[in-house]
Amino acid sequence: MRCYLVRHGQTVWNGENRLQGHSDLELNAVGLEQARRVGAFFAARRASGEALTALYSSSLKRSVQTAQAIVESTGLTLRQDSALAESHLGTWEGLTPEEIDAKFDGAYQQWYRHPSQVTIPGAEPLETFKRRVQDAFERIRATENGREGSVVIVTHGGVIASLLADWLKADYEDILRRVVLENAGVSAVDCDTMPPYIRWVNATQHLTDAPI
């Protein structure tokens with residue numbers, strides 16, 4: 001069983017480099033076009049003979065809209081799961097890194113280097129976030145295991161980074177800093193066994209065939 005992990009398309013706050021967390025923004029014009037291309041990516045895989053058996057998404061609008069483009073291109077039924085949502089970033093949501101540093105005495109730079117050592121006011125604890133993400137993936141895997149085909153999961157950068165860190169036995173902080181997970185990028189893992197075999201991370205060829 002293969003699992004595709006798709007980061008949602010771009011929002012206005014992505015374009016402005018503002019932290020989103022649980023803030024429920026819709027895709028902007030660029031993000032809608034990215035979503036269309038993600039849909040075309042999976043339509044092409046289905047046309048080439050790959051069986052796509054299930055589609056899951058975070059319940060936040062930016063993920064649902066991205067997943068809806070896959071529904072339109074493949075006919076898959078969308079299942080939403082709130083446990084696939086991005087981490088809640090408390091009072092930092094809606095702010096740029098520069099604004100956070102100015103308002104919270106350089107706290108963003110501290111968080112970027114060592115997220116586990118910084119307490120964000122009103123935020124979801126890091127370990128709570130990582131645990132709910134792992135549990136969500138395990139539920140999907142248990143539900144779909146044994147079916148012949150591929151599962152698509154549309155979610156968020158922090159969620160994908162958390163899963164990669166868990167599977168690679170890597171430091172989540174290093175993954176956040178050193179692995180690029182772009183809007184509408186696609187990663188693929190073979191998840192018949194745990195930890196999964198990682199096929200590729202952050203494929204974006206489907207976004208660069210023509211200017212957006």
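Is it true that some residue in the range 118-134 is open to solvent by 30 Å² or more (accessible area, probe 1.4 Å), among the acidic types (Asp, Glu), assigned to a helix (DSSP H, G or I) and at pLDDT below 95?
Within the range 118-134, one or more residues are open to solvent by 30 Å² or more (accessible area, probe 1.4 Å), among the acidic types (Asp, Glu), assigned to a helix (DSSP H, G or I) and at pLDDT below 95.
Glu99: surrounded by 19 or more Cβ atoms within 10 Å (Cβ to Cβ), charged (D, E, K, R) and not in a strand (DSSP E or B), yes or no?
no
Would you point out the residue of the range 176-203, among those that are at pLDDT 95 or above and part of a loop (DSSP other than H, G, I, E, B), that is nearest to His114 (Cα to Cα)?
Leu181
Any chance you could count how many residues in the range 41-74 are aliphatic (A, V, I, L, M), closer than 23 Å to Asp190 by Cβ and more than 13 Å from the chain's Cα centre (by Cα)?
Summing the residues that are aliphatic (A, V, I, L, M), closer than 23 Å to Asp190 by Cβ and more than 13 Å from the chain's Cα centre (by Cα) in the range 41-74 gives 8.
Taking the range 20-50 as the search range and keeping residues that are part of a loop (DSSP other than H, G, I, E, B) and open to solvent by 50 Å² or more (accessible area, probe 1.4 Å), which one is nearest to Ser150 (Cα to Cα)?
Gly49
Taking the condition of being over 16 Å from the mean Cα position of the chain (by Cα) and either under 9 Å from His88 (Cα atoms) or of a type in the set (Asp, Glu) (or both), how many residues in the range 117-131 meet it?
Qualifying residue count for the region: 5.
State whether the residues of the range 189-202 include one that is within 21 Å of the chain's Cα centre (by Cα), of a type in the set (A, V, I, L, M, F, W, C) and farther than 28 Å from Gly49 by Cα.
No, every residue in the range 189-202 fails to be within 21 Å of the chain's Cα centre (by Cα), of a type in the set (A, V, I, L, M, F, W, C) and farther than 28 Å from Gly49 by Cα.
Every residue, every condition in (1) surrounded by fewer than 20 Cβ atoms within 10 Å (Cβ to Cβ); (2) within 30 Å of Trp92 (Cα to Cα); (3) acidic (Asp, Glu), yes or no:
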| site | (1), (2), (3) |
| --- | --- |
| Tyr108 | no, yes, no |
| Val159 | no, yes, no |
| Leu163 | no, yes, no |
| Lys169 | yes, yes, no |
| Asp190 | yes, no, yes |
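So which residues in the range 135-175 are among the small types (Gly, Ala, Ser) and in a helix (DSSP H, G or I), if there are any at all?
Residues satisfying the conditions are Ala136, Ala142, Gly157, Gly158, Ala161, Ser162, Ala165.
So which residues in the range 53-94 are open to solvent by 50 Å² or more (accessible area, probe 1.4 Å) and in contact (Cβ under 8 Å) with a residue 60 or more places away in the chain?
Listed by number, the list holds a single entry, His88.
The values are calculated or read from the model by the stated rules, or taken from the named source; none is laboratory data. Owing to the predicted nature of the structure, the values given are computational and were not obtained by experimental measurement. Glycine gets a Cβ as well: all are built from the backbone with ideal geometry, and neighbour counts include every protein chain shown. Ligands, DNA and RNA are excluded from the accessible area calculation, which covers all protein heavy atoms including side chains. Shrake-Rupley method; radii C 1.70, N 1.55, O 1.52, S 1.80 Å.
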